[in-house]
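First the structure, in the form of structure tokens, and then the observations on it.
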Amino acid sequence: MVSRTAPSTPAPAIPAGLGRAQLLEMYRFLVLTRILEERLTALYRQSKVIGGLYRSLGQEGESVASAYALERGPGRDVLSPLIRNLGAMLVMGAQPIEILRQYMAKAESPTRGREMNVHFNDLERGYLGQISHLGDMIPVMAGIALSFKLRGEPRVGLVYVGDGATSTGAFHEGLNFAAVQRLPLVVIGEYNHWAYSTPPEKQFAVRDLAEKTQGYGVPGVTVDGNDVLAVYDATRRAVERARHGQGVHFIEVKTYRRRGHAEHDDQHYVPRDELERWATENDPIDRYVRQLVQHEWVELRELEALDQQVRNEVDQATDACAGEPLPPPESALPRVYADPPAAERLWFRTL
């Protein structure tokens, strides 16, 4: 995971809002995201994952960096991730064993086996599972941000949207509502070059997603989505402006989806040389490591130690849930209907 590049220039100042400990913590979340998804891929190929598997390979940097700019903890900021924002959920406090249980539909998973992948909530830790990846969480998160404003709470909502979803009505309606109400909301637009199998030039005529926000009076910026520190800095600035009453902000992150829409998608529509170029020249973790080591902000041995710690953590989590049971059939109704039968209420109380 670590790129062995020796420092070559004097160390500049660490970016605002960060120290050595924070730089290392962000690296840990980046590596945790990738290693955990690699483990899920292995389990998927063994038919141990129930449903689809959606990788964020090549996009881990923007998820981790944007979430890291939020205030975390009970009563603090809230985000809504998409299927490729596992890194953001890990930053907010989701645990590897929860993710593994969720993908494997275990009885002790956050949704008790009813839903798969990242479709689950924990508002105490600050993340709200998606109802759809087609722009529908923009109006939902606008409503949450409105509640912050009405209660006078200095909290911010953050929501992710893919490039394809910026063509949906929900995106435009939600963004316009948030703009008119001057809500404390930050929208991360992921320009990952593929809306499933559709390239950008076949779905919109603008060059940048940020151009779409101008008609609503929403300030938009475009950043290199594979530059972890650039995404962090842009999000930090937007979050602080939103927190202080300056309304909704849009950040476009230019990145690249290096796997298919899901593991069942073989990406036959993607040029092989394009994939190779993004993998070898623009991997977000490799770039972050080069920044840390070349600027002498951290030492290579510290990163190598974190690599091993994360691998051990994922190994332990996998071993812990591998033999856990699937949910019993009678557990299907509790938490679905308001008044389940008495026998099911009794089962629910035993959990």
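The values are calculated or read from the model by the stated rules, or taken from the named source; none is laboratory data. Fair warning: this is a prediction, and the values are worked out from it, not measured in the lab. We place every Cβ from the backbone using ideal geometry, glycine too, and count neighbours over all the protein chains shown.
Here are some notes:
- Any hit, region 151-162, residues being part of a helix (DSSP H, G or I) and hydroxyl-bearing (S, T, Y): no
Residue by residue, here is whether (1) in contact (Cβ under 8 Å) with a residue 24 or more places away in the chain; (2) surrounded by fewer than 20 Cβ atoms within 10 Å (Cβ to Cβ) holds:
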site: G174; (1), (2): yes, no
site: E190; (1), (2): yes, no
site: H193; (1), (2): yes, yes
site: K202; (1), (2): no, yes
site: A205; (1), (2): no, yes
site: L209; (1), (2): yes, no
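- Under the condition of being outside any loop (DSSP other than H, G, I, E, B) and in contact with a Phe, Trp or Tyr (Cβ under 7 Å, 6 or more places away or on another chain), the residues counted in region 166-199 number 8.
- Selection count, region 142-161, where residues are out of contact with any Phe, Trp or Tyr (no Cβ under 8 Å at 6 or more places or on another chain), buried (at least 24 other Cβ atoms within 10 Å of the Cβ) and not aromatic (F, W, Y): 3
- The set of residues from region 80-131 being touching a Gly at 6+ places or on another chain (Cβ under 8 Å) and at pLDDT below 90 comprises E115, M116, N117, V118, H119, F120, N121.
The rows are residues; the columns are (1) modelled with pLDDT under 90; (2) more than 30 Å from P199 (Cβ to Cβ).
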{"residue": "T255", "(1), (2)": "no, no"}
{"residue": "D273", "(1), (2)": "no, no"}
{"residue": "R277", "(1), (2)": "no, no"}
{"residue": "E281", "(1), (2)": "no, no"}
{"residue": "R287", "(1), (2)": "no, no"}
{"residue": "L292", "(1), (2)": "no, yes"}
{"residue": "V310", "(1), (2)": "no, yes"}
{"residue": "P325", "(1), (2)": "no, yes"}
{"residue": "R349", "(1), (2)": "yes, yes"}
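- Restricting the first member to region 212-239 and to residues that are free of Cβ contacts under 8 Å to residues at least 40 places away in the same chain, and the second to residues that are of a type in the set (F, W, Y), the beta-carbon pairs closer than 6 Å and six or more apart or on different chains are T213/F250; G220/F250.
- Evaluation of E115 against (1) in a loop (DSSP other than H, G, I, E, B); (2) touching a residue at least 60 places away in the same chain (Cβ under 8 Å) (one fails), failing number: (2)
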